[in-house]
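S.K.: Questions regarding the structure given below will be posed in turn.
What follows draws every value from the coordinates through simple rules; no lab data is involved. Source: prediction; values computed, not measured. Positions of Cβ are backbone-derived with ideal geometry, glycine not excepted, and every protein chain shown enters the neighbour counts.
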Amino acid sequence: MSLPDFSVAADRSGSLSVKWNRDAIKSICNNPDAIPYWVADMDFPAPIAVTEALREQAAHGVLGYPYGSSVVETFTDWALRRHRWKVDPTMVVTAPGMLAAISILVELYSEEGDGILLPMPAYRPFVHIIRSLGRKVVQWPMSYDAERNRFGLDVQSLQALLSGSHIPILLFCSPHNPSGRVFSDQELTEVASLSSRFGTMVISDEIHADLTYEENGHTPFNEIARKFDLQSATCMAPSKTFNIAGEHCSVVVCSDATVRNRLAMRMRALHLAPDLLASVTASAAYRHGETWLGQLRNHLCSQAHAITSQLAQSGTPLRFVTPQASFIGLIDCTAIMEKVTSDAERNAALYDPSSSGDGGLLSRFFGQRGNIAVNDGSWFGADYGHFVRFNFGTSARAVQEGITAMIDAVRSLR
Ligand SMILES: Cc1ncc(COP(=O)(O)O)c(C=O)c1O
């Protein structure tokens, strides 16, 4: 079997990639030619076994309704191998993507007008789900250690928030996007204990769970929740893991039969299920992707450390919030905000928000002055506009070039 080569980034032009689409890039930084380091997918082909499985299915020529997909079986085998997690297959519901499943769970387990607790900074579609379903975001700000550039969970404020009015759902994200934190068992236990005490159900988005680095394991929330008899839904997917996010297939591991039945019934009512190719892709990835993933995790871990050193040695005040998992990480830009603000005042046209409405001051700055497209921190919450999120799911060379361009942009500031 040929080995994956993570030193080469794929040419994704003309492949319907949002990350590489010029209009989409412009929408965050006002520069359609900026090199993309934003949207959370990687510039690597999926494992060969996955593309072969797809080719085989396509070669058959008939793409009719599927029946008897092996997603649940391959996922439960995977969970055991990758996380030493014994999942009861009868508690698993499949879904056409994480966000679809999370939206349905939010609808099922809360009422219009209810507050949904959300750790901040937060992956923006969570906010969109909560608001578009007529619920309210109750922000639970994470702590931030500016010396160590590290986010953490503030358990005291969680307790304070939960002991106010009843909050039916905590929408958790573990490992956390965008901070890259892999939470310890102790942190997870505190979250579960408080949620159980105040009768709050936990939906745990664990889409990045398979991508923890060598030294970090991952504890599925479901494993902790069961000790507290806490109602929970642990959502996982092969999409980030194997870079197959365009083929929507995910799983929800429910804490009990009541959650499982309600979710499964609602999915049926809405006629929502992963489609044929998404199921083929997911099963092949879970079945054959382990070696590929091991090498990817090593690559990502070494890139995370390389970025940390490159920024620390750059002579600029940019600092990496070194993630403990996955291929995205925040860069703390606090110390350049004043200069960037004055650059924007002097060059208003470059920073025009009307043509880059999904961006912010910093994403426009790096787009204009560094030719680099990164997500602005404000996308993850109004209080995080002094960060950007950098996607390093590409070759070492492209990562180094991107970070160098950002450093040069900062050096050019007057
Ligand atoms: C934390 C998190 N949840 C969900 C998603 C999207 O999941 P899906 O495309 O399966 O709906 C992403 C994608 O970046 C993510 O980072």
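S.K.: Based only on Cα atoms, what mean projected area does the convex hull of the stretch 328-367 have, in nm²?
M.R.: Answer in nm², one decimal: 3.1.
S.K.: What nm distance separates the two modelled labels at residue 396 and residue 3, each placed 7 Å from Cα along Cα→Cβ?
M.R.: Simple spin-label model gives 1.3 nm for this pair.
S.K.: Restricting the calculation to Cα positions, tell me the Rg (one decimal) and the Dmax (whole number) of the chain in Å.
M.R.: Rg then Dmax for the chain, in Å: 21.1, 62.
S.K.: List the relative contact order of the stretch 280-354 as a percent without decimals, with contacts defined as Cα pairs under 8 Å and 6+ residues apart.
M.R.: Relative contact order for the stretch 280-354 comes out at 18 percent.
S.K.: For residue 240, which lysines qualify as cross-link partners when the Cα separation must be under 16 Å and same-chain residues fewer than eight apart are set aside?
M.R.: Correct list for residue 240: 19.
S.K.: So what is the diffusion coefficient of the stretch 61-288 in µm² per second by Stokes-Einstein at 25 °C and 0.890 mPa s, using a Kirkwood Rh over Cα pairs?
M.R.: 137 µm²/s
S.K.: In nm, give the distance between the simple-model label positions of residue 18 and residue 51, each being 7 Å from the Cα along the Cα-to-Cβ direction.
M.R.: 2.3 nm
S.K.: Normalising by the residue count of the chain, find the relative contact order in percent from Cα pairs under 8 Å and 6+ residues apart.
M.R.: 25 percent
S.K.: For the stretch 149-164, just list the computed ³J(HN,Hα) in residue order, Karplus coefficients 6.51, -1.76 and 1.60, θ = phi - 60°, integers in Hz, with x standing in for Gly and Pro.
M.R.: 6, 9, 8, x, 8, 9, 5, 5, 5, 4, 4, 4, 5, 6, 7, x
S.K.: So in the stretch 61-288, what percent of DSSP beta bridges are antiparallel if you round to the nearest 5? Please list the in-between numbers first.
M.R.: Values: 11 of 28 bridges.
Antiparallel bridges make up about 40 percent of those DSSP assigns within the stretch 61-288.
S.K.: Another one. Sequence-distant or interchain residues sharing an amide H contact under 5 Å with residue 136, placed H: which?
M.R.: Those qualifying (amide H under 5 Å, at least 5 residues apart or on another chain) are 113, 114, 115, 116.
S.K.: Related question: For residue 26, go through the aspartates and glutamates and keep the ones whose alpha-carbon is under 17 Å away, minus same-chain ones fewer than eight residues off.
M.R.: 352, 358, 376
S.K.: Just to check I understand the Karplus step: with θ = phi - 60° and J = 6.51 cos²θ - 1.76 cosθ + 1.60, what whole-Hz values come out for the stretch 407-414, glycine and proline as x?
M.R.: 4, 4, 4, 5, 5, 7, 5, 9
S.K.: Return 384, 65 ranked ascending by Cβ neighbour count within 10 Å, so the fewest neighbours appear first.
M.R.: Lowest count first: 65, 384.
S.K.: Could you give each residue of the stretch 371-383 its phi-based ³J(HN,Hα) in whole Hz, using Karplus coefficients 6.51, -1.76, 1.60 with θ = phi - 60°, and x for Gly or Pro?
M.R.: Couplings: 6, 10, 9, 10, 6, 6, x, 5, 5, 9, x, 4, 8 Hz.
S.K.: Around residue 212, which amide H atoms from residues at least 5 apart in sequence, or from another chain, sit under 5 Å from its own amide H, with H modelled in the peptide plane?
M.R.: Those lying under 5 Å, H to H, from residue 212 are 326.
S.K.: Let me check against my output: what whole-number percent is the relative contact order of the stretch 61-288, with C-alpha pairs under 8 Å and at least 6 apart?
M.R.: 26 percent
S.K.: Say R0 is 30 Å: what FRET efficiency, to the nearest 0.05, do residue 165 and residue 258 get from their beta-carbon distance? Numbers along the way, then the final one.
M.R.: Details: r = 24 Å, r/R0 = 0.81.
Rounded to the nearest 0.05, the efficiency is 0.80.
S.K.: Rounded to the nearest 0.05, what FRET efficiency do residue 313 and residue 355 give with R0 = 35 Å and r taken as the Cβ-Cβ distance? Could you check? Write down the numbers at each step before the final one.
M.R.: Details: r = 35 Å, r/R0 = 1.01.
It comes out at approximately 0.50.
S.K.: Right, here's the next one. DSSP beta bridges in the chain, what fraction antiparallel, as a percent rounded to 5?
M.R.: In the chain, approximately 55 percent of DSSP beta bridges are antiparallel ones.
S.K.: Considering amide H positions built from the backbone, and no H for Pro or chain starts, which residues 5 or more places from residue 150, or on another chain, come under 5 Å of its amide H?
M.R.: 145
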